[in-house]
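Trainee: Can you keep this structure in mind? I'll have questions shortly.
Every read-out reported here was derived from the displayed coordinates using simple, explicitly stated rules and does not represent laboratory data. Keep in mind it's a predicted model, so treat the numbers as computed, not measured. Cβ: placed from backbone, ideal geometry, glycine included. Neighbour counts: every protein chain shown.
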Amino acid sequence: MSHIDPTRYLSRRQMLTQGGTGFGALALASMLGDGARGATADGASAVNVAPGSAAKLPHLKTTAKNVIFLFMEGGPSHLDTFDYKPKLQELAGQPLPKSFKRVITAMGEIESPLLGSKRKWSRHGESGMLVSDWLPHIATCADDLTVVRSCWTDGVNHSGGVCQMNTGSPLAGRPSLGSWVTYGLGTENADLPSFVVLLDGKETPINGPRNWGAGFMPGSLQGTRFYNGPSPIPNLASSRPIDASRRQRRLDLVAELNRDLAVDDSERSELEARIRSYELAFRMQAAAPEAVDLSQETRATKAMYGMDAEHTEPHGRSCLLARRLVERGVRFVQLYHGARSRWDAHSKIEQNHTKLCREMDQPVAALLKDLKMRGMLDETLVIWGGEFGRTPTSEKGAGRDHNPTGFTMWMAGGGIPGGRVIGQTDELGLHAVEDRIHVNDLHASILYAMGVDYRKLVYLHEGRPERIDINRGRVVKKLFQA
Amino acid sequence: MDRVRFSVVAFITVALSPLLFLLLITGAAHLAVAAETTPANASTLSAEAAAEFERDIRPLLAERCHKCHGPNRQEAGLRLDTHEGLLAGGDSGPSLAVQDSGLSLLVEAVRRESLEMPPDDPLPAEEVELLARWVKAGAPWPKVEAPLRNQRTFSDEDRNFWSLRPVSKPEVPTNDGHGWARGAIDRFVWRQLAASDQRPAEEADRYALLRRLCFDLWGMPPTPEQIEQFVNDSSPDAYEKLVDRLLESPRYGERWAQHWLDLVRYADSDGFKRDDPRPHAWRYRDYVIRAFNKDRPYDQFVTEQLAGDEIAPDDPDVLVATGYFHCGIYESNQANIWLQRTELLNDITDVTGDVFLGMSMSCARCHDHKFDPVLQEDYYRLQAFFSPLVMRGAVSIPTPEQQAQQVAWEAETTEVRTRMNKMAQPHMKGIRKSRMQRLDRRLNEIADADPSTLSQFDKQIAALVERQLTHESINIPAQMKGKEKTRWQTLEGELAQFDSSKPKNVAVAHTAADVGASAPPTIIPGDTSERDILPGPLTILDAAPAEIESPAGASESTGRRTALARWLTRRDNPLTARVMANRIWQHHFGEGLVATPSNFGVTGAKPHDAELLDHLATQLVDDGWSLKSLHRRIVTSATYRQKNDGSNDTVWRFAPRRLEGEQFRDALYALSDRLDDTAGGPPANTDSPRRSIYLKKVRNSPPLVFSVFDVPERIDSVARRDTTTTPIQALLVLNDPEQQERIDAIVDRIADRGSANDEQLVSEMFLRILNRPSTSRETKMGETLFADVAAEGRKRKEAIADLTWALLNSHEFLFVR
């Protein structure tokens, strides 16, 4: 979306570092919209790479350019959505047969009677994929989905599970997937952050900003949280608006103050980083309002996303915003639905999941269709899932406990052929048994989809070469083979 | 600093072993090296091949093979953790020997064509392929520069590792740098400067020094009055007197406690999903601040935190120090209480290793450390000091007088309290029942058992169950309704009539206690012999178990933690003083003499100047472990006082650094004279003008200003904060309503009480915000602004606002230099 004029860039660069009036001059350029857009602080490439990032990538043939990760926080039930288990219906009310290996569940409900699914199941699309009646809209996209029924993870509780789905480890401290992607690929739009997190409401997911943190990598690689509602970026508009000339005077003053400061090389790099962050902030002030302005969308589009109904409005807004951001070159967008473990149906799963599926189903399906309609789905990898699934055994009569040992996620777009089911759980959906895919494998595969060899994307931390998969993942090639 | 690399390990230029070479040239028929194998022609291994090995093969062998064919067990005589072992093979022959299938034995085995390895779970096809490719390439095996540790023995090299050697008392260099050196530190630094043919920078001016010292020692900017006082003090020891004044102020402890609280990850909430409030945690926070302000000797500081309950069981001021053990995250609804005990113990072990020893112990939790001379057993030797701990909730800790009052009050109120108890019982039972349902049968048995019949371990488990059942988040009166509630309130009223005889301000705090005079066993997970690991120092320093004495005043405690504190604070402990002296240096200069302040191991950084570090560590002990003395030695040095003039010095000087979140916030309040300097007490709300250290630290929802300014999340021990620079930070400073309010207050303060003369006012503003007078050019710039604004017919206050805004957004304000 940008055209770079190297001469302009050079003069701008000179203003920045040599002229010493960088801040004011740049801000002026940005605010006047005279070409700062799309130019980058690092030079000839349109890919603005965050400081310290692995700019040499991608390593492999790229299929996906962007990722939209739809995180259903709390752990949706695979047994009532994508993983139909006739045996569970048959044995409902009985204890888990002795032949099944026990797992430690968060609430210790493994010995409670099996809970049958109340869903009606039907086949969808040419592929005839089984999807439950909780997801009528997503079911219409069946031929675009690759449903993975054999996911597993280590984290038994929400904190560990969400942390692991984001960072590969249930223990805090590692960089999130979006940070790794930004580290590897940078951004395509210098006017917006490369890694954006969208929340449906005020509620922050469990673990808070750590879920999109950069861990031990430079903080500039962390996700930028947008908020749901009319102004998704905090402080984008001034709470004390002043007129342009007065503002320019302020910026000139700052530039003048910075001009004669005697700084050494390390401080200069900080000074430049600061100027750059102000630049991006100013460019965001200029570009982000348009990017996040949903009023530019037609009524029909908004209706498709469910923005005309109260229950679908929040997630519809997030999904539509995600499409707009990806359209504008944001590399990695993560959406949380059900923040604060709302999917966590320990009791009354019928009420809980009925409500949550209704909030999410239509917007997510609309996102897939919209991306496809605009020809963006091939280059956008959409991932759906939670931190774990739920047990076939019941909890508090009509709920289900956490199940990290077997659960479902799906992917669509980004070069992944649709209409397929990969992997299986056992007859009751407790353990993944066929084509088991660990979270670390999933992360390795997502990087693969983006053209990055996860084994080569290494960050040296305290002498240790660190990778997204903690040296234990593998690419699931099956995902990419039709 | 971390650096980016694309290949994993890049050294290694070593031949395949002579043994393989021998095999290659002799090549007996049935032992022929795999035909698929490219002869290992190279006597050197390419960096790429080496990197591939480290990336793909070594982890694979370690994960899939070493358990049975590794250092501890050599099933069928085969060992696959060394190159020699691979080549020699096992009972079935050399691993690379070609079989009828044309494959080497190793590849055949993992393909399960003859032997089936690994026996339980076949390798995934990709891993088989990796191994086959590797064998085909000649099974290249790099010789590692730092050889992986051979287990359970220590070499002379290990014993000689710099951080494990006894602290030396290096001779202070004689050369004083032509009179530049003010003290011993400067002589060491001069020696380094001279060695690289450099000169020290000149001394910074008084304005810069004062700002530097105030942010460093107080965490906030100097006031215009302080500036006046210092720059006009013509006495020869004006600087030293200033340092003393700053160190004597309570603001000092409020700043330096923050560094410690980062290390122990202090917060006022539990973390995890619920993130329940932890309303009594602040007692520990205040203890730390008090300890710094009173210059509590560091050995005592260590001992009080680790064993305050054993050394001074009747002194609430010391007891609260053991809040150290309750700083970590806690999940009040964790159903797997067995796991919870393990996790809490592991957490304490890890953090203690990081904080006091500067040794990253966590690797050794599962295996002997791969690089450091730390055995897996050492992890559990350290953990065994804590294994008797009871992880209970907060308890009240009355003084003896309060205790007496309490007894009297209880006697007076027996009747009403009995009635209240009776009312509460059914609710408590209900809560208990619903919570106990989630727990497994054994936990229910333990919780219901007569405590005297339980083992020490089960007593600890029972305490963890109890802690969940009595968690602060449980509110019984809130469950009452209607008449019941009215009755309850009436009783509360009756009880309140006795309030005058109730002891006042009894401290409620999280403290440590052992389960009893004996400890439950400490067993290394997976050790089928179930050997009880006794507490002890790192084996390499002292292989004997620690000597444990029953604490004099605390007969119901094992004395283990006192023994740990004694070992840590012994003069001959090589780590404690070095680690702490380095931390102090680090916070003064921006970087430690050892750049990895909580990792003094092989994977950590080497000291920039080992002799200087030992000098400081020795001084620290010789000064009676006084931290203030060490501060004084450092900040009065010529090294610390050097100017930052833009030159790239390689040797020590005060590194320019961005304001930390707390410094930034406190400064904005201070600049409008609105900072409330009330000390201590329960946590304040985040919109309070109290100093940032006193604000409520809710783990999952930090104020925006803290999260964007890199205040740690308080999950892990943080020895060195990140400094990030993001657009959200810029937007926060530019536009955030809360920051704007604070900036408005600064503008008001200046407009209300500043000079009526423009030139004068500009100068005052520079002094207030940047803590230095304006240059003549800057004064002129300011005057022009005022004149322009006036000419445009706008209010003078607008000019003040513009200049204030510019000063606050200048690089100079955000940086301490």
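Trainee: Could you give the C-alpha radius of gyration of region B:333-430 expressed as a fraction of 2.2 N^0.38 Å, taking N as the number of residues it contains?
Mentor: Ratio of Cα Rg to 2.2 N^0.38 Å: 1.73.
Trainee: Another question, if that's okay. With θ taken as phi - 60° and the coefficients 6.51, -1.76 and 1.60, list the Karplus ³J(HN,Hα) couplings across region B:713-726 in order, rounded to whole Hz; mark glycine and proline as x.
Mentor: 7, 6, 9, 10, 5, 10, 9, 9, 6, 6, 10, 9, 9, 10
Trainee: Calculated from DSSP H runs of 4 or more alone, at -39500 (n - 2.57) each and per residue, what is the 222 nm mean residue ellipticity of the protein assembly as shown, nearest 500?
Mentor: Value at 222 nm, helices only, nearest 500: -12000 deg cm²/dmol.
Trainee: Shifting gears a bit: Under the Kirkwood approximation applied to all pairs of distinct alpha-carbon atoms, what is the hydrodynamic radius of region B:403-457 in Å? Before the final figure, lay out each step's value.
Mentor: On the way: mean 1/r = 0.0714 Å⁻¹.
Radius from the Kirkwood sum: 14.0 Å.
Trainee: Okay, moving on. Let me know the charge dipole size of region B:671-802 about its Cα centre in debye, to the nearest 20, where only the beta-carbon of Lys, Arg (+1) and Asp, Glu (-1) is charged.
Mentor: On the way: 20 positive and 23 negative charges, 97 e Å.
The calculation lands at about 460 debye.
Trainee: Still on this structure, I have one more. Whose amide H sits under 5 Å from the amide H of B:Phe815, counting only residues 5 or more places off or on another chain, with H placed in the peptide plane?
Mentor: Long-range HN contacts for B:Phe815: B:Leu659.
Trainee: At 37 °C and 0.692 mPa s, grab the translational diffusion coefficient of region B:709-817 from Stokes-Einstein with a Kirkwood Rh over Cα pairs, rounded to a whole number in µm² per second. Walk me through the intermediate numbers first.
Mentor: On the way: Rh = 15.6 Å.
Approximately 211 µm²/s, per Stokes-Einstein.
Trainee: Related question: How are the Cα pair distances of region B:284-395 distributed, in percent, across 5 Å bins from 0?
Mentor: Final binned percentages: 2, 11, 19, 21, 18, 15, 9, 4, 1.
Trainee: For chain B, give the magnitude of the charge dipole about the Cα centre (Cβ charges: +1 Lys/Arg, -1 Asp/Glu; no others), in debye to the nearest 20. Numbers along the way, then the final one.
Mentor: Values: 100 positive and 122 negative charges, 239 e Å.
Computed about the Cα centre, the dipole is about 1140 debye.
Trainee: From other protein chains only, count the Cβ atoms within 10 Å of every residue's Cβ in A:203-216, then give the mean.
Mentor: Values: counts 0, 2, 2, 6, 8, 10, 6, 4, 0, 0, 3, 2, 1, 2.
The mean count of partner-chain Cβ atoms within 10 Å per residue comes to 3.
Trainee: Quick one: Cα centre-to-centre distance for region A:325-402 and region B:525-581, in angstrom?
Mentor: After rounding, the separation between the Cα centres reads 50 Å.
Trainee: Once Lys and Arg get +1 and Asp and Glu get -1 on their Cβ, which of B:Tyr239, B:Leu78, B:Tyr266 lies farthest toward the positive end of the dipole of chain B?
Mentor: B:Tyr266
Trainee: Considering the zone a paramagnetic label at B:Ala517 would reach in this model (a point 7 Å from Cα along the Cα-to-Cβ line), which residues of region B:422-465 have amide N under 18 Å from it?
Mentor: Only B:452-457 fall inside the zone, counting backbone N under 18 Å.
Trainee: What FRET efficiency comes out for A:Ser231 versus B:Ser92 if R0 is 56 angstrom and r is the Cβ-Cβ distance? Round to the nearest 0.05.
Mentor: On the way: r = 70 Å, r/R0 = 1.25.
Efficiency computed from Cβ-Cβ geometry: 0.20.
Trainee: Working out 0.36 nm times the residue gap between B:Lys169 and B:Ala408, then minus their Cα-Cα distance, what length gain in nm do you get to one decimal? Before the final figure, lay out the partial values.
Mentor: Values: separation 239, 0.36 × 239 = 86.04 nm, distance 5.78 nm.
Value of the extension gain: 80.3 nm.
Trainee: Turning to a different aspect of this structure: More than 16 Å apart: what percent of Cα pairs in region B:298-347 qualify? Let's see the in-between values first.
Mentor: Details: 607 of 1225 pairs.
It works out to 50 percent of all Cα pairs.
Trainee: With the convex hull built on the Cα atoms of region B:591-705, state its orientation-averaged projected area in nm².
Mentor: Details: hull surface 44.4 nm².
Averaging across all directions leaves 11.1 nm² for the Cα convex hull.
Trainee: Right, another one. Considering the options B:Ser688, B:Leu164, A:Thr301, tell which one lies farthest towards the positive end of the dipole of the protein assembly as shown, charges being +1 on Lys and Arg and -1 on Asp and Glu at the Cβ, about the Cα centre.
Mentor: Among B:Ser688, B:Leu164, A:Thr301, the one farthest towards the positive end of the dipole of the protein assembly as shown is A:Thr301.
Trainee: Taking 10 °C and 1.306 mPa s as the conditions, I'd like the Stokes-Einstein D for region B:172-242 in µm²/s, using the Kirkwood hydrodynamic radius from alpha carbon pairs.
Mentor: Details: Rh = 14.0 Å.
Rounded to a whole number, D works out at 114 µm²/s.
Trainee: More than 46 Å apart: what percent of Cα pairs in the protein assembly as shown qualify? Walk me through the numbers before you get to the answer.
Mentor: Values: 364016 of 843051 pairs.
When every Cα pair of the protein assembly as shown is considered, 43 percent fall beyond 46 Å.
Trainee: For region A:283-409, just the Cα atoms, rotate onto the principal axes and tell me the three extents in Å, largest first.
Mentor: Projected onto the principal axes, the Cα atoms of region A:283-409 cover 52, 29, 29 Å.
Trainee: Shifting gears a bit: Taking the alpha-carbon centroid of each part, what is the distance from region B:317-392 to region A:178-243 in angstrom?
Mentor: 34 Å
Trainee: With +1 on each Lys and Arg Cβ and -1 on each Asp and Glu Cβ, how big is the dipole of region B:740-817 about its Cα centre, in debye rounded to the nearest 20?
Mentor: On the way: 12 positive and 14 negative charges, 46 e Å.
The dipole magnitude comes to about 220 debye.
Trainee: Based on alpha-carbon atoms only, what is the radius of gyration of region A:371-456 relative to the globular estimate 2.2 N^0.38 Å? It would help to have the intermediate numbers written out before the result.
Mentor: Details: Rg = 15.5 Å, N = 86, 2.2 N^0.38 = 12.0 Å.
For region A:371-456, the normalised Cα radius of gyration is 1.30.
Trainee: Provide the gained length on full extension for the span B:Ser196 to B:Asp176, in nm with one decimal, where the gain is 0.36 nm per separating residue minus the Cα-Cα distance.
Mentor: Numbers: separation 20, 0.36 × 20 = 7.20 nm, distance 1.61 nm.
Full extension of this stretch gives 5.6 nm more.
Trainee: When N counts the residues of region B:160-317, how does its alpha-carbon radius of gyration compare numerically with 2.2 N^0.38 Å, as a ratio? Don't skip to the answer; put the middle values down first.
Mentor: Numbers: Rg = 21.0 Å, N = 158, 2.2 N^0.38 = 15.1 Å.
Normalised Cα radius of gyration, region B:160-317: 1.40.
Trainee: Right, something else. Kirkwood Rh and Cα-based Rg: tell me the resulting Rg over Rh for region B:686-727, rounded to two decimals. Can you show the working numbers first?
Mentor: Numbers: Rg = 11.0 Å, Rh = 11.5 Å.
Radius of gyration relative to Kirkwood radius: 0.96.
Trainee: Can you pull the one-decimal nm distance between simple spin-label points at B:Asp645 and B:Glu75, each 7 Å off the Cα toward Cβ?
Mentor: My value for the distance between the label points is 7.0 nm.
Trainee: Could I ask something else about it? Taking R0 as 22 Å, what FRET efficiency do you get between B:Asp687 and B:Asp744 from their Cβ-Cβ distance, rounded to the nearest 0.05? Each step should come with its number before you reach the end.
Mentor: Numbers: r = 15 Å, r/R0 = 0.67.
Efficiency for this residue pair is about 0.90.
Trainee: Among B:Ser455, B:Phe188, B:Val318, which residue has its Cα positioned farthest towards the positive end of the charge dipole of chain B, with +1 placed on the Cβ of Lys and Arg, -1 on the Cβ of Asp and Glu, and the dipole taken about the Cα centre?
Mentor: Farthest towards the positive pole: B:Val318.
Trainee: Using a Förster distance of 41 Å, how high is the FRET efficiency between A:Thr140 and B:Ile476, based on the Cβ-Cβ distance and rounded to 0.05?
Mentor: The computed FRET efficiency comes out at 0.20.
Trainee: Using modelled amide H (1.01 Å from N, peptide plane; none on Pro or chain starts), what sits under 5 Å from the amide H of B:Gln74, excluding residues fewer than 5 places away?
Mentor: none
Trainee: Then there's this: What is the distance in Å between the Cα centroid of region A:119-157 and that of region B:190-219?
Mentor: With region A:119-157 and region B:190-219 each reduced to a Cα centre, they are spaced 65 Å.
Trainee: Can you work out ³J(HN,Hα) from phi for every residue in region B:320-326, in order, using Karplus 6.51 cos²θ - 1.76 cosθ + 1.60 and θ = phi - 60°, giving whole Hz and x for Gly and Pro?
Mentor: After applying 6.51 cos²θ - 1.76 cosθ + 1.60, I find 5, 4, 6, x, 3, 6, 10 Hz.
Trainee: Could you work out the Kirkwood radius for chain B, taking every pair of different alpha carbons, averaging 1/r and inverting it, reported in Å? Kindly include the intermediate steps, with their values, before the conclusion.
Mentor: On the way: mean 1/r = 0.0321 Å⁻¹.
Answer for chain B: a Kirkwood hydrodynamic radius of 31.2 Å.
Trainee: Can you list the residues, at least 5 places off or on another chain, whose amide H is less than 5 Å from the amide H of A:Gly399, using H built in the peptide plane?
Mentor: Distant-sequence amide H within range of A:Gly399: A:Lys348, A:Ile349.
Trainee: Starting at the first residue of region A:284-297, write each ³J(HN,Hα) from the Karplus equation 6.51 cos²θ - 1.76 cosθ + 1.60 with θ = phi - 60°, in whole Hz, x for Gly and Pro.
Mentor: For region A:284-297, the Karplus curve yields 5, 4, 7, 8, 5, x, 5, 4, 9, 7, 6, 5, 6, 7 Hz.
Trainee: Would you calculate the volume per residue, in Å³, of the smallest convex hull containing every Cα atom of region B:380-499? Walk me through the numbers on the way to the answer.
Mentor: Values: hull volume 18.8 nm³, N = 120.
It is 157 Å³ per residue.
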